[in-house]
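Beneath this line is the structure, given in structure tokens, with notes to follow.
The values are calculated or read from the model by the stated rules, or taken from the named source; none is laboratory data. These figures come from a predicted structure and were not determined experimentally. Neighbour counts run over all protein chains shown; Cβ positions are idealised from the backbone, glycine included.
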Amino acid sequence: MLVLATRNAGKHRELSELMAGAPFRLVSLEDVGVEQEVEETGDTFEANAGLKATTYARLTGLPALADDSGLEVDALGGEPGVRSSRYAGQEATDPDRVAFLLEKLQNEGKGPWPARFRCVIAIAWGPEDLEFHTGECEGFIIDEPRGSSGFGYDPVFLLPDRGKTMAELSTDKKNLVSHRSRAARKAVDALKRRFRNTPFPSTGEGSHQGDFGR
């Protein structure tokens, strides 16, 4: 089994679809009965993803996959970055975050504004065994939300080669180009390589469990 270490419903749904080719049975934190939250105290995507993966691997005794991702806007010096989900406050909704972002950009000249989504996936196999996979997607922030798919900042993130925002793409098309899909493809390939070369004690068909010392 491989624990997908996120409580974000949209992110969990995306990761489950993107990691479907992995040679592991994917389970959620709820599936394994873990209620503990991990505070994202790192100042980089790598630090936060690694912290979540290693903590949930220790709590569950299973390999754990966590990601940290966010939006970097050049005109804002790379903000919101690791604070993307908390940019407009802890209780903010996705529309709140988009509105707050656009309000800040009004002081930064005329859009569209160059930006990128970044994703770092961390897989923790043990306390000292951690690997990272990264993905990026370049685009622009536009001043009017468009589309109803996706989540987060997708409605204002324009893909110039497609002429559409992330929120205007179908799930299949988004999964071809998104930052998370690019990182996930690298992670799936790494899992397949590791599974071929490393014996794991089986805990059921299609699942593998590491030794983390509960």
Count - residues of segment 179-193 that are buried (at least 16 other Cβ atoms within 10 Å of the Cβ) and either in contact with a Lys or Arg (Cβ under 7 Å, 6 or more places away or on another chain) or without any contact (Cβ under 8 Å) to a residue 60 or more places away in the chain (or both): 1
Scan segment 136-154 for residues that are under 17 Å from the mean Cα position of the chain (by Cα) and under 14 Å from residue 115 (Cα atoms) and report the count. 5
Considering each of 119, 137 in turn, give the residue that is at negative phi, without any contact (Cβ under 8 Å) to a residue 60 or more places away in the chain, touching a His at 6+ places or on another chain (Cβ under 8 Å) and not charged (D, E, K, R). 137
Selection over segment 36-71 where residues are surrounded by fewer than 20 Cβ atoms within 10 Å (Cβ to Cβ), touching a helix residue (DSSP H, G or I) at 6+ places or on another chain (Cβ under 8 Å) and of a type in the set (Asp, Glu) yields a count of 2
Based on this model, can you work out whether residue 148 counts as surrounded by 16 or more Cβ atoms within 10 Å (Cβ to Cβ), touching a residue at least 12 places away in the same chain (Cβ under 8 Å), not basic (Lys, Arg) and not in a strand (DSSP E or B)? no
Wholly within segment 9-110, which helices (runs of 4 or more DSSP H) include no fewer than the required count, namely at least 3 residues that are within 21 Å of residue 181 (Cβ to Cβ)? 9-18, 45-60
Residue match in segment 88-105 (condition: at pLDDT below 95, more than 18 Å from residue 146 (Cβ to Cβ) and surrounded by 17 or more Cβ atoms within 10 Å (Cβ to Cβ)): yes
